[in-house]
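For reference, the structure is listed below as structure tokens.
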Amino acid sequence: DTGVSQNPRHKITKRGQNVTFRCDPISEHNRLYWYRQTLGQGPEFLTYFQNEAQLEKSRLLSDRFSAERPKGSFSTLEIQRTEQGDSAMYLCASSLEGRPADTQYFGPGTRLTVL
Amino acid sequence: AQSVTQPDIHITVSEGASLELRCNYSYGATPYLFWYVQSPGQGLQLLLKYFSGDTLVQGIKGFEAEFKRSQSSFNLRKPSVHWSDAAEYFCAVGRPGNTGKLIFGQGTTLQVKP
């Protein structure tokens, strides 16, 4: 078990550019989550995959954001036309569907700074 | 709507002293409850969780938490704090039957004095 990994760990970009983050979940975990965390706040849910299907999206996920999980393995989160308000830590978590509930394990996060 | 409140934004304790971090939730039924810890610039590490059964839950690093339904609380405790416990602590709630999405509190920053 190597844990959840995320790349890159840090990303600095200029406003208007597109960025893409990658998350590799714990192997055999079929659920994958993306959260966003701004300074001084707790993480906020963005979206959730079960295998390759994206089953839930938060209203926080504007049309500039898109997430994929091809083949139900790694996931990517793309932000198009970045804005300064997108600056945050983007956290990925994975879990194995369980009863009565899942336990989510988090990666180290990708810190995005939009200049 | 579900919500999680951590009333204390910042707490300072002396090394060796006991610790209690408060967490209150708003939900119509018994949720699933979690405590995570986050060191600066890092992701979240699970300390403990409550799904059902014994309301006193033991976790890693000597932490425990008690679920009190009547108070809608899930407070985190440690009898003797170590300097390495300095970090940010998050309480989170998940809904039974839900996809597993977690709702987090704002967090409590713990500072440990030598």
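The figures follow:
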item	result
Buried on assembly, segment A:96-111 (at least 30 Å² less accessible surface than by itself, 1.4 Å probe)	A:100, A:101, A:103, A:104, A:106
Inter-label distance, nm, simple model (7 Å from Cα along the C-beta direction), residue A:56/residue A:28	2.5 nm
Accessible area of segment A:3-50 belonging to carbon and sulfur atoms, whole % at 1.4 Å probe	44 percent
Stokes-Einstein D (µm²/s) once Rh is taken as the Kirkwood radius of the protein assembly as shown over alpha-carbon pairs, at 20 °C in 1.002 mPa s	118 µm²/s
Mean accessible surface per residue for chain A, computed with a 1.4 Å probe while every protein chain stays in place, in Å²	50 Å²
Accessible surface of segment A:65-115, 1.4 Å probe, proportion on carbon and sulfur as whole %	50 percent
Spatially proximal lysines relative to residue B:49 (Cα-Cα < 28 Å; intrachain offsets below 8 disregarded)	A:57, B:61, B:68, B:78, B:101, B:113
Total charge dipole magnitude, segment A:1-67, about the Cα centre, Cβ charges on Lys, Arg, Asp, Glu only, Debye to nearest 20	520 debye
Interface size B-A, as summed buried accessible area [1.4 Å probe, Å², nearest 100]	1800 Å²
Probe 1.4 Å, accessible area per residue of chain B, Å²	46 Å²
Nearest-20 debye value, chain B charge dipole, Cβ charges on Lys, Arg, Asp, Glu	260 debye
Dipole in debye (nearest 20) - the protein assembly as shown, about Cα centre, beta carbon charges: Lys, Arg +1; Asp, Glu -1	420 debye
Positions from segment B:43-58 whose accessible area shrinks by 30 Å² or more when the full protein complex is built, not the chain alone, probe 1.4 Å	B:43, B:44, B:46, B:51
Modelled FRET efficiency - R0 22 Å, residue B:109 with residue B:64, Cβ distances, 0.05 increments	0.60
Surface share of carbon and sulfur [accessible, 1.4 angstrom probe, percent] for chain B	48 percent
Average beta carbon contacts from partner chains per residue of A:42-49, 10 Å cutoff	5
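The values are calculated or read from the model by the stated rules, or taken from the named source; none is laboratory data. Being a predicted model, the structure only gives us computed values, none of them experimental. Note that each Cβ is placed from the backbone with ideal geometry, even for glycine, and that neighbours are counted across all protein chains shown. Ligands, DNA and RNA are stripped out before the accessible areas are found, and what is left, the full protein with its side chains, is counted by its heavy atoms. Shrake-Rupley method; radii C 1.70, N 1.55, O 1.52, S 1.80 Å.
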